[in-house]
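K.L.:
There's a structure below that I have some questions on.
Just so you know, all these numbers are worked out from the coordinates, no wet-lab data involved. Since the model is a prediction, treat every value here as computed from it, not as a measurement. No Cβ is skipped: glycine too gets one built from the backbone with ideal geometry, and neighbour counts run over all protein chains shown.
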Amino acid sequence: MGLLRDESLVASWENFFEDRYRSEIETIALSYPEKRSLLINYWDIDKTDSKLTDVLINQPYKAIFNAEEALRNIDVAAENELRLHFRVYDLPETQRILIRKIRANHLGKYTAVEGLVKKVTEVRPKLQIAAFQCQKCFAIIRVEQEEDILKEPTHCYEDQGGCGRVSSFKLLPSLSTFVDSQKIEIQENPEGLRGGAQPERITVYLEDDLVGEIAPGDRVVVNGILHSMQRRRGSYRLTSFDKVMDARSIERQELAFEEVEVTEEDEREILNVSKDPKIYEKMKQSIAPTIYGMDVEKEALVLQLFGGLSKKMPDGTYIRGDIHVLLVGDPGTAKSQILSYMSKLAPRSIYASGKASSAAGLTAAAVRDEFAEGQWTLEAGALVLADMGIACIDEIDKMDEADKSALHQAMEQQEISVAKAGINATLKSRCALLAAANPKLGRFDEFIPIHEQINMPPALLSRFDLIFSILDKPNRKIDTELATHILRTHKAGEVYENITKSRKSKHTKEEEEALMANIMPTFTPEFLRKYVAYAKRNVFPVMTDDAMELLKNYYVDFRGSSEDSVPFTPRQLEAFVRLAEASARVRLSDEVTVDDAKRAISIIDQYLRRVGMDRETGRFDIDIIATGISHSQHERMRLIMDVIRRLSSQSKDGNADVGDIIREAEMQGVESSKAEEALDRLKRNGQIYEPMHGKYRVTEY
Ligand code: ADP
Ligand code: MG
């Protein structure tokens, strides 16, 4: 360290601190040592003395060492001697490096990297100054530790009162000093990635008061010193090195859509476009235009993009504004295509598959891996990484059991708790979920309840605001249109490739434009992103009395449409509200009007018509989605239970005979096939059992 000391540099820093930071240092001194860092904006230094920032960028260890020496020379009243960390943030553009662009010439420089926190390890103490005892003369020898590997004294140092001999040493933890340390992994922001590229990552080391503040899923800018670290395999040192960073300060990026810049000119155009009476049509047309049809789905996706308002109530409850959408359907119906399109369109979005992904799965997990060197690491999955965006999860039916249970909390409270080993954390997952699922049996069967067709528990299904089933049924008219659309899309692509790549093309720009016109979005993705960002930042619509009245009446009417059916739950009512709010946001309206409420009703209506219909009564029945059993099925099961109870009380052996049960049920108006179906379900649920073949009893709890 002696080599780093530079008297003139110390003097320059001292001048700078005296001039501009004296009162700040005095404030910190009052709460020292809880507060022990002086945070300084780069430009503050640069304005005063650009020579200092020059040293800081190019010889950061030297700059920091001398600045911290200078800080000790600032004379302020304090109980203890101050030893402050000197932390600089807000670096110039030239020092902000994309993780994938880090090269050898950046090593050793003060730099900033930006990204998403993927993993964090437990906080653990690390030796800072190790105390050793000489086994010959028993003197205590202290050695400052700078690297990962323990540095022992080479001999018993005389300048520390030792005997000067070569000796063996024993480490004395109780006399050593430790510093808190933590290792985190940062992954590139998905926005910066070109389609499909694997995000690159970098390991960052945090020390002392920087630890324990960062959670997986956070968006951060880390300012620090890049250096290389030799890789090891077991106890062997390899010749290749990893890039790592020693963090000096961390900036958090809290605001959503922050990264989407909206200029004044953009704003004028956005306001202009918002007055277009055809705005909804145009928005819808701008969602995946190469995909034919899916009108309702696309309208729902527009609303999902804008989202409703999340609300924090005075009693501490939280109501989500994000709209969760599930697409279930036959293979090859462009579900994956839609998801991948949306993940590129919406800022802060993540595309992941329920099947594979990392150890963290879709939510989050505490894992023991190489990264943590045998300790525990908290790793974020897709729903945490998509915080403030849209999590697009394909084949969600293939997720594992751990994710299924965590998903309930993630979708409703928008948090994920992990408690395992030394890790106890609650991560935020304030994202909308756009999921796709394939039917278990390969194809969708309209006549089987939805929860039986996809491998997902009903309680989870009921957390989606909208579930669309997409069927691939042959239909001459639709097939013709779809085929025409797909073929024209391909031809447009062919003509474009032909014109740009082949040396002699007989195709013309006009021909290309005519073909492309069909599949050009009205609004470009860039404009749409700006529009949505503007709406989310500035528009917070409030329900009008008329809209409230409409939704209330619709809800009450539906619930009351038949005395013994309960077609809606309060969850659906909340879905109406979110969709109506989103609809108002599309127009940048401060009011949720009757038209917005009607739009919400029409979308939910279509969804229930497709998946929530009780086939016997022809009525909507949300019970089917929530429990997998329609109300009429429920009623029948109750009736059969009563029959079994009565018959067994009348019989000698206490069993009810299956023939008698079915006869009795028929007399009460239940067809025998339905009665058998009900028996089957009751048996599966464990509500009845079969003590011997053909005999039933009710399970008594
Ligand atoms: P899924 O995930 O539903 O199994 P994919 O998204 O993989 O289906 O789609 C299969 C292919 O069929 C894709 O290339 C997609 O573009 C095409 N396709 C399916 N339906 C449509 C449609 N309605 N319009 C345009 N292309 C379609
Ligand atoms: Mg697919």
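K.L.:
Hey, in the chain, which Cys have no second cysteine's beta-carbon closer than 4.7 Å?
P.N.:
C392, C431
K.L.:
Now, a different point. Report the label-to-label distance for M229 and D680 in nanometres (one decimal), using points 7 Å from each Cα along the Cα→Cβ vector.
P.N.:
Roughly 5.9 nm, to one decimal.
K.L.:
Where the only charges are on Cβ atoms (+1 Lys, Arg; -1 Asp, Glu), what is the dipole of segment 631-698 about its Cα centre, to the nearest 20 debye? Please report the intermediate quantities before stating the final value.
P.N.:
Numbers: 12 positive and 12 negative charges, 53 e Å.
Roughly 260 debye for segment 631-698.
K.L.:
Among S168, L82, A131, pick out the residue whose Cα is farthest towards the positive end of the charge dipole of segment 27-183, where Lys and Arg carry +1 and Asp and Glu carry -1 on C-beta, about the Cα centre.
P.N.:
Positive-end residue among those listed: S168.
K.L.:
Starting at the first residue of segment 264-273, write each ³J(HN,Hα) from the Karplus equation 6.51 cos²θ - 1.76 cosθ + 1.60 with θ = phi - 60°, in whole Hz, x for Gly and Pro.
P.N.:
Residue by residue, segment 264-273 yields 5, 5, 4, 4, 4, 5, 4, 4, 5, 4 Hz.
K.L.:
Let me ask something additional. How much mean residue ellipticity at 222 nm does the chain get from its helices, if each DSSP H run of length 4 or more adds -39500 (n - 2.57) and you divide by all residues, to the nearest 500 deg cm²/dmol?
P.N.:
-12000 deg cm²/dmol
K.L.:
Next up: Suppose the Debye formula is applied to equal point scatterers at every Cα of segment 79-225; what is log10 I(q)/I(0) at q = 0.15 Å⁻¹?
P.N.:
-0.88
K.L.:
Which of the peptides 373-379, 386-392 is most tightly packed, and how do the rest follow, judged by the mean count of other Cβ atoms within 10 Å per residue?
P.N.:
386-392, 373-379
K.L.:
Hey, can you grab everything whose amide H is under 5 Å from the amide H of S286? Only 5+ residues off in sequence or another chain; H modelled, so Pro and N-termini drop out.
P.N.:
Here T522, F523 satisfy the definition.
K.L.:
Further question: So for each of 476-489, 536-549, 151-164, 452-465 I average, over its residues, the number of other beta carbons within 10 Å; can you give me the resulting order with the highest mean first?
P.N.:
452-465, 536-549, 151-164, 476-489
K.L.:
Would segment 265-319 count as rounded, prolate or oblate if I go by the C-alpha gyration tensor, calling it rounded below 1.5 in a/c and otherwise prolate when a/b exceeds b/c, oblate otherwise?
P.N.:
Taking the square roots of the gyration eigenvalues as a ≥ b ≥ c, segment 265-319 is oblate.
K.L.:
A further question follows. Over its Cα atoms, what ratio of radius of gyration to 2.2 N^0.38 Å does the chain give?
P.N.:
1.23
K.L.:
To continue, here is another question. Describe numerically, in nm with one decimal, the distance between label points set 7 Å from Cα along Cα→Cβ at L4 and at V542.
P.N.:
5.7 nm
K.L.:
What relative contact order, as a whole-number percentage, does segment 354-498 give when Cα pairs under 8 Å and 6 or more residues apart are counted?
P.N.:
That works out to 20 percent.
K.L.:
To one decimal place, what Kirkwood hydrodynamic radius in Å is obtained for segment 50-130 from all pairs of distinct Cα atoms? List each step's numbers first, then the result.
P.N.:
Values: mean 1/r = 0.0638 Å⁻¹.
Over segment 50-130, the inverse of the mean reciprocal pair distance is 15.7 Å.
K.L.:
If you scale each eigenvalue of the Cα gyration tensor by 5 and take the root, what three semi-axes come out for segment 631-698, rounded to whole angstrom and sorted largest first?
P.N.:
They are 17, 13, 10 Å, listed largest first.
K.L.:
If packing is taken as the average number of other Cβ atoms within 10 Å across a peptide's residues, how do 313-321, 499-507, 281-289 rank, most packed first?
P.N.:
Top to bottom by mean Cβ count within 10 Å: 281-289, 313-321, 499-507.
K.L.:
Using 10 Å bins from zero, what percent of all Cα-Cα pairs in segment 385-433 falls into each bin?
P.N.:
The percentages, shortest bin first, are 25, 53, 21, 1.
K.L.:
So how strong a dipole does the chain carry about its Cα centre when Lys and Arg Cβ are +1 and Asp and Glu Cβ are -1, to the nearest 20 debye?
P.N.:
Numbers: 96 positive and 115 negative charges, 400 e Å.
The calculated dipole for the chain is roughly 1920 debye.
K.L.:
Can you tell me the orientation of helix 570-586 relative to the chain, as the angle in degrees between its alpha-carbon axis and the longest Cα principal axis, to the nearest 10?
P.N.:
The angle comes out at about 70 degrees.
K.L.:
For D315 and Y689 in one chain, what is 0.36 nm times their gap in residues minus the Cα-Cα distance, to one decimal in nm? Walk me through the numbers on the way to the answer.
P.N.:
Details: separation 374, 0.36 × 374 = 134.64 nm, distance 4.64 nm.
Taking 0.36 nm per residue and subtracting the Cα distance, the gain is 130.0 nm.
K.L.:
Work through the residues other than T544 whose Cβ is under 15 Å from its Cβ and net out their charges, Lys, Arg +1 and Asp, Glu -1.
P.N.:
Once positives and negatives cancel, what remains is -3.
K.L.:
Apply the Karplus curve 6.51 cos²θ - 1.76 cosθ + 1.60, θ = phi - 60°, to the phi angles in segment 505-516 and return the couplings in whole Hz, x for Gly and Pro.
P.N.:
Going residue by residue, I get 10, 8, 8, 10, 4, 4, 4, 4, 4, 4, 5, 5 Hz, with x marking Gly and Pro.
K.L.:
Take the alpha carbon atoms of segment 299-459, find their radius of gyration, then divide it by 2.2 N^0.38 Å using N residues; give the quotient.
P.N.:
1.08
K.L.:
Considering the dipole of the chain built from charges on the beta carbon (Lys and Arg +1, Asp and Glu -1) around the Cα centre, which of A352, M342, A600 is farthest to its positive end?
P.N.:
About the Cα centre, the residue reaching furthest to the positive side is A352.
K.L.:
Report the full-extension gain for the segment Q413 to S502: residue separation times 0.36 nm, less the Cα-Cα distance, to one decimal in nm.
P.N.:
Details: separation 89, 0.36 × 89 = 32.04 nm, distance 5.48 nm.
My answer for the length gained is 26.6 nm.
K.L.:
Using θ = phi - 60° and the Karplus curve 6.51 cos²θ - 1.76 cosθ + 1.60, what whole-Hz ³J(HN,Hα) does each residue of segment 20-26 get, with Gly and Pro shown as x?
P.N.:
Each residue of segment 20-26 in turn: 10, 10, 4, 5, 4, 5, 4 Hz.
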